[in-house]
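Notes follow the structure.
The values are calculated or read from the model by the stated rules, or taken from the named source; none is laboratory data. Predicted model only: the values in this text are computed from it and were never measured. All Cβ positions, glycine included, derive from the backbone under ideal geometry; neighbour counts span all protein chains shown. Heads up: the accessible areas ignore ligands, DNA and RNA and are worked out on the full protein's heavy atoms, side chains in. Shrake-Rupley method; radii C 1.70, N 1.55, O 1.52, S 1.80 Å.
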Amino acid sequence: MVQLEHLTAPVDAVVERMRALDAALPARDGIAVFNRVYLAVTEEIDRCLDAGEFPDPRAATALDVRFAERYLAAVDAVAADRRPPACWRPLFQLRRHPGVRPLQFALAGINAHIGHDLALAVVDACRTLGCEPADLEDEFDRVGDLLVSLEERIREDLMPGPDLLQIADPLTHLLGSWSLERARDATWAAARALWALRHCGDVAEEFTERLDAAVGFAGRMLLTPLPG
């Protein structure tokens, strides 16, 4: 039990940080909307670790914590008046826009975190553990499965009711243009590419910058203000 507590302590610290953000931010703030989503995911991962449901809890913890640190670093950057990564900028810029709906905030945050942060977190975790991305594939898939199941609940909870959401509603078309499953597949390919390029200096840096910019572009599309 001591060993398990030692492994899950970093995850507990991340959960506490997200809970503090949840308590401090206005409920309608776009970052608050995403933070509640991500907090639910991290609490579920913490529960799975406590229950021994990950075959390699050390690897799962390393991936989860490195993943969360990317999001929290973006929050800290904005709080310190620094620019966050390009993937996060649309959400921070539009977090209080009255024409952006809560579901858009949630999916834009997931897009930034999955599309950019998760790929870099796989590389970070591999360096921490001294392993290859293939060694983390089971943990990657498990985290992805949790996100997919949560995304379904998010859409149910944050979607307007059937009397408000018509076929012609722009939100219907906007949400149909983005898929978490496709984003997760692209992220795994990006993580493997980044690992292969890790000794290539400028090439790796350019790949990372272009990934960041592309995910940011998709996020800005997801946050297109819509009529009420």
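Taking the criterion of being touching a Gly at 6+ places or on another chain (Cβ under 7 Å) and among the β-branched types (Val, Ile, Thr), would at least one residue in segment 207-219 satisfy it?
yes
How many residues does segment 125-153 contain that are surrounded by 14 or more Cβ atoms within 10 Å (Cβ to Cβ) and touching a Lys or Arg at 6+ places or on another chain (Cβ under 8 Å)?
Number satisfying all stated conditions: 6.
I'd like to check something: does segment 89-97 contain any residue that is more than 18 Å from residue 216 (Cβ to Cβ) and of a type in the set (D, E, K, R)?
Applying the first criterion (more than 18 Å from residue 216 (Cβ to Cβ)) to segment 89-97 yields 96.
Okay, now just the ones that are also of a type in the set (D, E, K, R), so 96.
Yes, there is a match, as at least one residue in segment 89-97 is more than 18 Å from residue 216 (Cβ to Cβ) and of a type in the set (D, E, K, R).
Here are some conditions: (1) at pLDDT 95 or above; (2) surrounded by fewer than 12 Cβ atoms within 10 Å (Cβ to Cβ). Residue 72 meets all but one. Which one does it not meet?
Among (1) at pLDDT 95 or above; (2) surrounded by fewer than 12 Cβ atoms within 10 Å (Cβ to Cβ), residue 72 violates only (2).
Aromatic (Phe, Trp, Tyr), in contact (Cβ under 8 Å) with a residue 12 or more places away in the chain, more than 12 Å from residue 146 (Cβ to Cβ) and buried (at least 18 other Cβ atoms within 10 Å of the Cβ): which single residue out of 54, 34, 67 fits that description?
Values: 54 fails: more than 12 Å from residue 146 (Cβ to Cβ); 67 fails: more than 12 Å from residue 146 (Cβ to Cβ).
None of the others qualify; the one that does is 34.
Tell me, please, whether a residue that is open to solvent by 80 Å² or more (accessible area, probe 1.4 Å) and at pLDDT below 95 can be found in segment 182-196.
Here is the first cut: in segment 182-196, the residues open to solvent by 80 Å² or more (accessible area, probe 1.4 Å) are 182, 185, 192.
From the residues that got through so far, the ones that are at pLDDT below 95 too are 182, 185.
Yes.
If we keep just the residues of segment 75-85 that are touching a Pro at 6+ places or on another chain (Cβ under 9 Å) and surrounded by 16 or more Cβ atoms within 10 Å (Cβ to Cβ), which is nearest to residue 118 (Cα to Cα)?
So, considering only residues that are touching a Pro at 6+ places or on another chain (Cβ under 9 Å) and surrounded by 16 or more Cβ atoms within 10 Å (Cβ to Cβ), the one nearest to residue 118 (Cα to Cα) is 75.
Within the set of pairs 6 or more residues apart or between chains, which connect a residue that is open to solvent by 10 Å² or more (accessible area, probe 1.4 Å) inside segment 86-110 to a residue that is of a type in the set (S, T, N, Q) with Cβ atoms less than 9 Å apart?
Here the result reads 94/104; 99/224, each pair linking segment 86-110 to a residue that is of a type in the set (S, T, N, Q).
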